[in-house]
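Please read the structure below before turning to the comments.
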Amino acid sequence: MFPETVFEAADRIRLKSPTEAGLAELPPSELEVLRLITLFPGCGIAFLTGRTKMRQANVSVAVRSLVERGLVTKVADERDRRAVRLRASEQADRDLEALRRVWLQRVVQATAAAGVTEDEVQRAFQTLTQILPHLPNQG
């Protein structure tokens, strides 16, 4: 049942969060691509394809939409002018920071409502931080 609990918790944290952070019109796939671009500035389509498990065509469509919205910029790769490197705009950085604040607020409110102590929360986050590098990113 633990895996289902993790899945449900993640789903509830994300539910309606983009709307609250001002990113209402972004589909989940674009939100994930944008999140990865902010975490890995200068990444390319191949990296995003491997990281998201989306088809390359779908990643390209998501990137194109994000560029059109002014959330992502494309920069030619200095070593290979045919390739592009992706960077988030300042607006995207601000919007995603707002989204992260919404997610954190949801977790803080839920732990307080459940009577979870600050020490228990810190231990849970420490445990997640320790195991995260050992969870696979790609298949």
remark   = Those residues of the range 80-139 that are outside any helix (DSSP H, G or I) and either over 24 Å from residue 3 (Cβ atoms) or not polar (S, T, N, Q) (or both) come to a total of 16
task = Go through the range 73-109 and give me each residue that's over 19 Å from the mean Cα position of the chain (by Cα) and touching a residue at least 40 places away in the same chain (Cβ under 8 Å).
result = 84
task = For residues that are out of contact with any helix residue (DSSP H, G or I) (no Cβ under 7 Å at 6 or more places or on another chain), farther than 15 Å from residue 12 by Cβ and modelled with pLDDT under 90, tally how many sit in the range 99-121.
result = 3
request  = Any residue in the range 1-12 that's under 20 Å from residue 102 (Cα atoms): show its pairings with residues that are at pLDDT 75 or above at Cβ separation under 8 Å, as long as the two are six or more apart or on different chains.
outcome  = 12/106
Matching residues, the range 25-47, being over 20 Å from residue 97 (Cα atoms) and crowded, with 16+ Cβ neighbours inside 10 Å = 44, 45, 47
inquiry  = Given (1) at pLDDT below 90; (2) farther than 21 Å from residue 95 by Cβ, identify the lone condition not met by residue 45.
reply    = (1)
message = Of everything in the range 59-103, what is of a type in the set (Ser, Thr, Tyr) and closer than 17 Å to residue 45 by Cβ? Give them in sequence order.
response = 60, 65, 73
ask   = Taking only pairs six or more apart or across chains, which ones have beta-carbon atoms under 8 Å, a first residue in the range 111-129 that is free of Cβ contacts under 8 Å to residues at least 24 places away in the same chain, and a second residue that is in a helix (DSSP H, G or I) and polar (S, T, N, Q)?
value = 120/111; 121/111
query = Restricting the search to the range 58-76, which residues are in contact with a strand residue (DSSP E or B) (Cβ under 8 Å, 6 or more places away or on another chain) and within 19 Å of residue 39 (Cβ to Cβ)?
reply = 63, 66, 67, 71, 72, 73, 74, 75
remark   = Those residues of the range 53-79 that are loosely packed, with under 12 Cβ neighbours inside 10 Å, in a helix (DSSP H, G or I) and not small (Gly, Ala, Ser) come to a total of 1
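The values are calculated or read from the model by the stated rules, or taken from the named source; none is laboratory data. Nothing here was measured: the structure is a model prediction, and the numbers come from that model. Cβ: placed from backbone, ideal geometry, glycine included. Neighbour counts: every protein chain shown.
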